[in-house]
Amino acid sequence: MKRTRVGVVGVGSLGQHHARIYSELPEAELVAVVDPESDRAERIAEQFACKALAGHEKIIDEVEAVSIATPTNLHAEIGCSFLQRGIHVLVEKPIAGDLEQADDLIKAAQNAGVVLHVGHTERFNPALAPVRPLITTPQFFEAHRLGVFVPRSLDIDVVLDLMIHDLDMILHLTGSIPNEVHAVGIPVLTPRVDIANTRLEFANGCVANITASRVSKEKIRKLRFFQPHDYISIDFNQQAVEMYSLVNETSQPRIIERVPEIRRGEPLRRELQSFLSTVNGELDPIACTGEEGRKALALALDILDRMA
């Protein structure tokens, strides 16, 4: 098995898990972790048997692929420095702070002929896998993504922090862009929007109602949707699915419960495996490309503009 030399830039609350998983995957060789906080970098490096560095420039010549889990405003600058040198990049969501920066990343990847993926991890949640082949024409989505307040990702609004997961998911499942967007949001504990709700309307009549909060008392990650003859509820947190279908096999229609098989696992691990497979030439249609990450960002920014 070919082992891809990888690095992780930013090993905070999420980046450290990138490092952990890479250190465990037989198809990866974790070369180094990078973080401006040297103590943290050294602690993670010691834990996962790699080098600790303070600047990303020092690993450009040593890696073939890299995960970037820095603050959003650094994604484009750091990502482009790797892409322009022919290094494959997985950048955490959102892809960038604005569309111009997203375009810079996409163009750099295209020019160098390398992989650019965006960390929309819910695409790899095991609860979604058995549902995806059953999707026909969704007509109504109801999404709730609520979390308790933690002092991280406060450089961005809850729309870019949490809601963007569901925005990407709905764009991914419908394969289209909404033609109507309505949104409200308010700050609670920070100067930025902490609670938000948006209603999306699509040309085919599909409607999505999405709520996100980072000041909830509990953690909820649910997506429910209706399509002709089916109701499907996905609990991303519990990796569980409820599905009910109307059947007309006799003169008396009835509703039955369908129980899909779920193979539990860590979504981030599956995402990183997908990234490495794509780096080695095995394209994965589930993975979020730079272009798809830009679509989710564009919709999120449109929602924020309507809250202003």
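The values are calculated or read from the model by the stated rules, or taken from the named source; none is laboratory data. It should be emphasised that the depicted structure is a prediction, and the values quoted were computed from it without experimental measurement. Cβ coordinates were reconstructed from backbone atoms using ideal geometry, including for glycine residues, and neighbour counts include every protein chain displayed.
Only one of A45, A52 is part of a strand (DSSP E or B), modelled with pLDDT of 95 or more, under 16 Å from V66 (Cβ atoms) and not assigned by TED's automatic domain parsing to the domain that holds V150; which? After ruling out the rest, the residue left standing is A52. I'd like the full set of residues that are part of a loop (DSSP other than H, G, I, E, B), under 23 Å from the mean Cα position of the chain (by Cα) and without any contact (Cβ under 8 Å) to a residue 60 or more places away in the chain, limited to region 192-237. If the condition is that a residue be part of a loop (DSSP other than H, G, I, E, B), under 23 Å from the mean Cα position of the chain (by Cα) and without any contact (Cβ under 8 Å) to a residue 60 or more places away in the chain, then R192, D194, F202, N237 are the ones that fit. Is it the case, given these coordinates, that E271 is in contact with a Gly (Cβ under 8 Å, 6 or more places away or on another chain), under 22 Å from I95 (Cβ atoms), among the acidic types (D, E) and modelled with pLDDT of 95 or more? Against the criterion (in contact with a Gly (Cβ under 8 Å, 6 or more places away or on another chain), under 22 Å from I95 (Cβ atoms), among the acidic types (D, E) and modelled with pLDDT of 95 or more), E271 qualifies.
Yes/no per residue for (1) surrounded by fewer than 15 Cβ atoms within 10 Å (Cβ to Cβ); (2) basic (K, R); (3) closer than 22 Å to A196 by Cβ:
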{"residue": "A76", "(1), (2), (3)": "no, no, no"}
{"residue": "L99", "(1), (2), (3)": "yes, no, yes"}
{"residue": "V115", "(1), (2), (3)": "no, no, no"}
{"residue": "T136", "(1), (2), (3)": "yes, no, no"}
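Name the single residue that is farthest from L171 (Cα to Cα) among those in region 251-308 being charged (D, E, K, R), in a helix (DSSP H, G or I) and touching an Asp or Glu at 6+ places or on another chain (Cβ under 9 Å). That would be R269. Residues that are touching a residue at least 24 places away in the same chain (Cβ under 8 Å), under 21 Å from the mean Cα position of the chain (by Cα) and part of a loop (DSSP other than H, G, I, E, B) were ranked within region 174-191; the one that is farthest from T211 (Cα to Cα) is S176.
Selection over region 232-244 of residues that are over 22 Å from T121 (Cβ atoms) and either outside the structural domain of Q139 (by TED's automatic domain parsing) or crowded, with 16+ Cβ neighbours inside 10 Å (or both) gives a count of 1.
Checked against (1) touching a helix residue (DSSP H, G or I) at 6+ places or on another chain (Cβ under 8 Å); (2) within 21 Å of I156 (Cβ to Cβ), N73 passes all but a single condition, namely (1).
Being surrounded by fewer than 24 Cβ atoms within 10 Å (Cβ to Cβ), at positive phi and touching a helix residue (DSSP H, G or I) at 6+ places or on another chain (Cβ under 8 Å) is not true of A108.
Is it true that V184 is farther than 19 Å from K222 by Cα and out of contact with any Asp or Glu (no Cβ under 9 Å at 6 or more places or on another chain)? When the stated conditions are applied, V184 passes them. Candidates L30, L99: the one that is outside the structural domain of D168 (by TED's automatic domain parsing) and either touching a Phe, Trp or Tyr at 6+ places or on another chain (Cβ under 8 Å) or within 19 Å of S277 (Cα to Cα) (or both) is L30. Considering only residues in region 139-176 that are more than 15 Å from R199 (Cβ to Cβ), surrounded by fewer than 22 Cβ atoms within 10 Å (Cβ to Cβ) and of a type in the set (V, I, T), the one that is modelled with the highest pLDDT turns out to be V148.
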